[in-house]
Every structure is written in structure tokens, then in C-alpha cells.
1. Please calculate the 1.4 Å probe accessible area of Asp173, with all protein chains present, and give it to the nearest 10 Å².
2. Over the stretch 375-458, with every protein chain in place, what whole percent of the accessible area is carbon and sulfur at 1.4 Å, could you tell me?
3. If I stretch the segment between Asp82 and Ala362 completely, what's the gain in nm (0.36 nm per residue apart, minus their alpha carbon distance), one decimal?
4. Compute the distribution of all C-alpha to C-alpha distances in the stretch 321-471, in bins of 5 Å from 0, and list the percent of pairs in each, rounded to whole numbers.
5. Taking every eigenvalue of the Cα gyration tensor of the stretch 110-169, multiplying by 5 and rooting it, what semi-axes result, largest first, whole Å?
6. Whole number in Å², please: accessible area per residue of the stretch 337-453, 1.4 Å probe, ligands, DNA and RNA not counted.
7. Packing-wise, with mean Cβ within 10 Å as the measure, how do 398-405, 255-262, 105-112 rank, highest first?
8. Hey, any idea what % of the stretch 82-132's accessible area is carbon plus sulfur with a 1.4 Å probe?
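The values are calculated or read from the model by the stated rules, or taken from the named source; none is laboratory data. Because the structure is predicted, anything quoted here is derived from the model rather than measured. We place every Cβ from the backbone using ideal geometry, glycine too, and count neighbours over all the protein chains shown. SASA here: full protein model, heavy atoms, side chains in, ligands and nucleic acids out. Shrake-Rupley method; radii C 1.70, N 1.55, O 1.52, S 1.80 Å.
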Amino acid sequence: MEPSNEDVEDDKRRCWCRMKPAMWYLMMLVVGFFYIYLTAIQYIRGQVVHDPPSSYQPQYDPQYYDENLINPANALDFEYHDYAKITDYLRSMSATYPNLTALYSIGKTVQGRDLWVMVVSASPYHHILGQPNVKYVANMHGNEAVGREMLLHLIEYLTKSYSTDDHTRWLLDNTRIHIMPSMNPDGFEVAKEGVCRGGQGRYNSRGFDLNRNFPDYFKQNTKRNQPETEAVKQWVSKIQFVLSANLHGGALVASYPFDNSPNTIKDCNLKPLCAVFQQFTSTPSLTPDEDVFRHIAGVYSFNHATMHLGLPCKPGAHSFSNGTTNGAAWYPLTGGMQDYNYVWHGCMDITIELSCCKYPTADQLPKFWQDNKKALVRYLAEVHRGVRGFVKDEHDRPVEGASIKIRGRDVGFQTTKYGEYWRVLLPGRYTIEVYAEGFDPREEDFTVVETNPTLLNLTLYRASPPPDAQPSAPHQHPAQPTAGDRHEQQRRPAYVGGPNQQQGSAPQGGISGFLSSISSQLSNVFNIFG
């Protein structure tokens with residue numbers, strides 16, 4: 001007998017009911033695989049600094065990269081890249097060269113754009129003991145656009161040259177290079193290509209000049225902190241950078257600290273004719289490391305195609321001998337980033353002005369790259385001169401946050417959590433002074449040569465209490481300092497610098513009076529990138 005229509009429909013319903021669980025499980029399986037795929041892609045393309053992949057290959061191996069992974073639409077060319085294109089490009093490079101690059105964000109702008117940093121190194125995710133960190137920052141003025149493109153091309157050059165160029169391989173094997181193409185992506189988005197002057201895009205989206213927004217050694221800076229500036233301050237407090245440069249536009253010169261001086265007129269740009277008067281009356285404001293700053297600025301200038309000629313950008317404009325200048329001698333400013341890096345964190349930082357026009361047309365970018373390529377690479381190598389080493393206790397344990405200075409150079413620096421330290425110095429004889437809470441101070445003479453950095457490891461010994469020290473009785477007023485206390489205070493070296501350095505503390509008498517103590521510890525050192 002033929003089944004009725006009702007029987008057929010019942011069979012279909014029963015079949016569908018049996019299929020529903022199977023289809024549901026299949027859909028869940030597909031979704032699960034898709035989620036795992038996205039997670040894997042996220043690991044490959046770049047991580048926020050706090051979450052690096054634990055299984056990352058620590059050494060470079062050619063089998064781990066494939067240039068075909070870069071989508072042709074994201075391949076770097078000589079054009080200006082907006083925020084979306086930069087993000088795509090950096091993620092593509094991170095996927096293409098996972099053993100040479102690591103992408104992370106140090107924070108967000110006012111409008112929520114990531115402040116991307118790309119590490120380029122043979123060990124991008126893992127710190128190698130004794131290996132120094134260096135950095136480039138560009139586009140902190142959003143309408144000064146050449147630097148951001150130069151840093152993108154530098155990333156490409158370093159990664160592609162690693163397997164073919166001996167100098168590049170040596171540099172990446174021994175250095176961790178952090179590259180921030182844009183510190184002010186919000187400003188860049190509103191700047192106009194081809195506009196050589198003016199302020200459109202210069203400031204962040206709240207109208208603040210980021211290169212006037214840092215704490216200042218000479219003047220109290222009352223400008224409200226901006227997210228971009230705070231992100232950089234946190235960044236450099238967690239990674240001990242040894243050498244740095246920030247890339248600008250509007251001139252052709254390498255400028256070095258100090259950018260400010262005790263005689264700077266505060267908020268000069270708000271007073272009629274003040275800026276003109278101050279520019280013509282400004283004088284050099286020299287650091288204790290004047291010789292080193294002159295040298296590293298000259299390294300960039302003389303490796304640049306034309307900067308060292310010192311030619312003015314136009315008739316009647318400022319010219320610069322050898323293409324270098326002291327910042328305050330050119331024009332003083334309050335709240336600059338290079339002075340902050342140097343005074344607060346002991347990082348040798350200079351400002352490089354790459355182009356007479358702030359935002360030249362894109363057809364000029366190939367020439368800018370040819371002019372700057374050698375200088376960008378050679379400047380980074382200057383971190384490998386001077387002195388470096390470890391500070392440890394008598395049990396061979398690292399001493400973190402030990403305060404260090406080179407005698408006669410009263411800008412201090414500190415050891416990392418591994419006890420590491422570095423200082424860029426020119427050839428000569430020096431004395432290093434080290435102090436750490438609870439240890440006897442240490443001094444050591446050493447020599448720096450031209451060919452390679454001097455390795456100087458230092459051992460600190462626990463301080464013994466003075467023999468006349470007596471425990472304080474309860475409920476008594478604090479005792480006057482003992483002879484031992486006074487002796488301990490006299491032994492402690494004095495410094496300019498350190499994370500707790502106060503603003504506006506410079507005396508009017510110049511660098512000879514620049515004395516203050518640095519804090520005993522760096523806080524919140526990066527576990528991975530520091």
C-alpha cells in the first residue's frame with residue numbers, strides 16, 4: 001500500500017529532527033575552527049606588548065619567512081600611507097618576517113588610533129642579555145610627513161637585507177630596533193600633501209603641540225598631558241633606550257640637546273615679536289655630553305647626501321655648520337621630547353629635520369629615501385660604542401635600579417632589572433660611579449676605544465652599618481644624622497636625571513650646577529620588551 005501524504009510528512013519531520021543536532025554540531029565545529037584561525041592570525045600579525053606568543057622562534061631561520069605573504073595591495077611603494085594603510089602594511093610585514101619583526105602598540109591617540117611600534121631584530125620578542133634597545137620616532141608633528149615614510153622604508157630595507165648584507169645582519173643580531181612611524185596619526189589625517197608651511201595637522205586632535213608637552217628640566221611645563229605624550233613617557237620608562245632620534249620636517253639639520261635653557265621666555269609664541277627676538281638672542285645650552293651629541297649628530301649629517309653641506313633651505317634662511325646644531329642655539333623651546341629622553345632616562349636623543357618642505361609631494365619620496373637610507377642605518381650603529389656591562393652583588397645577582405654616572409657628566413642613568421647598563425662615549429679615559437641603596441658605592445676607571453665597546457662588569461658589596469649606629473628607642477624624636485649618615489650622604493653621587501626628576505629645577509648658572517639625585521628604581525620594566 002502506498003504511504004499517505006501524512007506519513008511522508010511525518011517521515012520528513014522525523015528526519016529533520018535527527019538532522020538538526022548534527023547540523024548544529026557541524027556549525028559549532030566550523031565556528032570553532034574559524035575562531036582558532038583568527039586567533040592564530042592575531043598571533044602572527046602582531047601583539048600588544050603585554051601578550052607575546054610564548055612559542056615564538058627566538059632565532060632567524062629563512063624557512064620562516066615568505067615574501068609572497070605580502071598582499072600586493074599592501075606592498076610598500078613611494079606614496080604617503082594613511083593610518084589604515086600603515087596598519088595593514090605593518091601587520092603584513094610582521095606576518096612575512098615573524099623572526100625579524102614584532103608589532104605592538106604603546107597606546108592610543110585622542111581619536112583612538114593605535115601608536116604602532118615595530119621591533120626589528122633577530123630576537124624581536126625576547127630580550128637578549130646585554131643587547132641594547134634603540135628607537136626612531138617620526139611624525140609627532142602630523143604635517144611633517146617625510147619621516148613616517150622613511151621609517152616604513154627602513155623597516156622594509158632592514159628585513160629584506162638581513163640575509164644578504166653583512167652590516168645589516170650584524171646590526172639586527174646585536175640590537176633591538178624599535179620604530180614608531182607616527183606619533184601623531186590624528187594630525188596626519190588632516191594634513192595636506194604639498195603644503196610646505198603652516199600648522200594644519202601639526203597638533204594632535206585637541207590642538208596640542210606634542211613636542212611642547214613633555215616635562216622640562218629648565219621651566220615648569222603646565223600644559224595638560226596628552227594621551228600620545230603619556231604613552232611615550234610610559235614606553236620609555238619601561239624600556240631602557242640607549243640611543244634615539246625623532247624625525248621632523250621644515251629644515252635640513254640634525255639638532256641635539258639641550259633644546260631649552262634657563263633664559264627661555266615661557267610661552268614666547270603668545271607674545272608679539274617674542275619669537276623673533278628670542279631666535280636672534282638665543283645661545284647654546286650645552287649638556288655634559290656635548291662631545292657625544294656633536295658626534296652622533298655628525299654621523300647622521302655626514303652620512304646624509306646633502307645635510308652636512310649646511311645649506312639654507314632658502315635665501316636668508318638659517319644655515320648650519322656641518323648640518324648640525326645645538327637645539328637652544330637654533331631656537332629654544334620648552335617641553336621637548338629629546339631633552340626629556342636625555343634628562344629623565346639617560347637616553348642619547350637627537351632631532352633630525354629631513355626636509356625643507358614639511359609635506360612635500362609623494363613624487364619626491366624616492367629621492368628622500370636615497371638621501372637618508374645610509375644615515376638612518378649608520379646612526380643606529382652608534383649605540384655600539386662606549387661602555388656597557390652588568391652591575392651585580394657579591395652573590396652574582398643583578399642589582400636593579402643602580403644609579404650610574406660618568407664622572408664629570410652629571411646626567412645619570414640606571415641599570416635594568418637584569419643589572420645591565422650602557423653609555424655612548426667617545427674614545428678616552430673615564431671614571432664610572434655606581435650607587436645602589438644598601439650597597440657601598442663603587443668607582444672604576446676604564447678606557448673607551450674606537451673599535452668596539454668596553455665591557456665593564458661591576459660588583460657591589462652590601463654596606464655594613466656604621467660601628468657607632470644605635471637603634472632608636474620607641475617614642476623618641478628622630479635623632480640628628482650621625483657621622484655615619486653624613487658620610488653615607490657624601491658618598492652618594494649626584495646626578496641630573498632619573499624618572500623622578502623635578503621640572504624647572506635648573507639654576508641660572510648653567511650646567512655646572514645641574515645636580516639632583518635620581519630614584520633608586522625604574523618602575524614597571526617590560527617583562528618582554530625591556
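1. 60
2. 44
3. 99.5 nm
4. 2, 7, 13, 15, 15, 14, 10, 8, 6, 4, 2, 1, 1, 1, 0, 0
5. The three semi-axes for the stretch 110-169 are 25, 16, 10 Å.
6. On a per-residue basis, the stretch 337-453 sits at 33 Å².
7. Order by mean packing, descending: 255-262, 398-405, 105-112.
8. Here it works out to 53 percent.
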